[in-house]
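Take a look at the structure set out below.
The values are calculated or read from the model by the stated rules, or taken from the named source; none is laboratory data. Quick caveat, the model's predicted, so the values are computed rather than measured. No Cβ is skipped: glycine too gets one built from the backbone with ideal geometry, and neighbour counts run over all protein chains shown.
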Amino acid sequence: MNGVPTKNKRQTGSGGEDAACRFLESEGYRILCRNFYAGHDEIDIIAEKAPYTVFVEVKTRTASSTGSTGSSYGRPAAAVTAKKRYCLSRAAEAYIKKHPGQSFYRFDVVEVLLPSSPDGEIKINHMQGVFGAQGKIWI
């Protein structure tokens, strides 16, 4: 994948979500919804790949200008705090109430590392089933 030019935090996040959707689709997922809100709680992506409905939190960072594989802000998934996991689980509960019928659910995190230069590669790390419905980490 080619780099995604970004100008601010919102554009970086949106570009990361776009890249995550393309990645998930290439892996056989069907995107059901983006930016699902339940009150103040939000789920970045809701996707489906039998037998799961998957609630996906996307964390995007721009690579440091040194060309390292890390970001100056640390690993993106580290930003999925206990409070964030709890909010995601509340939003997922609201989604399930509106869309009953699916029997298996999963919470994933997709880390997106955008290149520091336009000709760089986007790096994606898809972590499946990383926490439970009450926001407790499984990894």
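Scanning segment 60-79 for residues that are touching a Lys or Arg at 6+ places or on another chain (Cβ under 6 Å), at pLDDT below 65 and either of a type in the set (D, E, K, R) or surrounded by fewer than 17 Cβ atoms within 10 Å (Cβ to Cβ) (or both) turns up just one, Tyr73. Determine if segment 36-59 includes at least one residue that is modelled with pLDDT of 90 or more and assigned to a helix (DSSP H, G or I). No - not one qualifying residue is present in segment 36-59. Within segment 80-103, the residues that satisfy the criterion of being under 19 Å from Leu32 (Cα atoms) and at pLDDT 90 or above are Leu88, Ser89, Arg90, Ala91, Ala92, Glu93, Ala94, Tyr95, Ile96, Lys97, Lys98, His99. Among what's in segment 33-45 and is touching a residue at least 24 places away in the same chain (Cβ under 8 Å) and under 22 Å from Leu114 (Cα atoms), pick the residue that is surrounded by the most Cβ atoms within 10 Å (Cβ to Cβ). Among them, the one singled out is Ile43. Within segment 82-122, the set of residues being without any contact (Cβ under 8 Å) to a residue 60 or more places away in the chain and assigned to a strand (DSSP E or B) comprises Phe104, Tyr105, Arg106, Phe107, Asp108, Val109, Glu111, Leu113.
Residues in segment 23-32 that are exposed (fewer than 14 other Cβ atoms within 10 Å of the Cβ) and either in a strand (DSSP E or B) or free of Cβ contacts under 8 Å to residues at least 24 places away in the same chain (or both): Glu25, Ser26, Gly28, Arg30. Number of residues in segment 10-24 that are within 11 Å of the chain's Cα centre (by Cα) and among the charged types (D, E, K, R): the value is 2.
As a summary of the residue check, Gly135 satisfies the conditions (1) at pLDDT 95 or above; (2) in contact with a Cys (Cβ under 9 Å, 6 or more places away or on another chain) except for the one numbered (1).
Taken together, the residues in segment 39-53 that are out of contact with any Phe, Trp or Tyr (no Cβ under 7 Å at 6 or more places or on another chain) and among the hydrophobic types (A, V, I, L, M, F, W, C) amount to 2.
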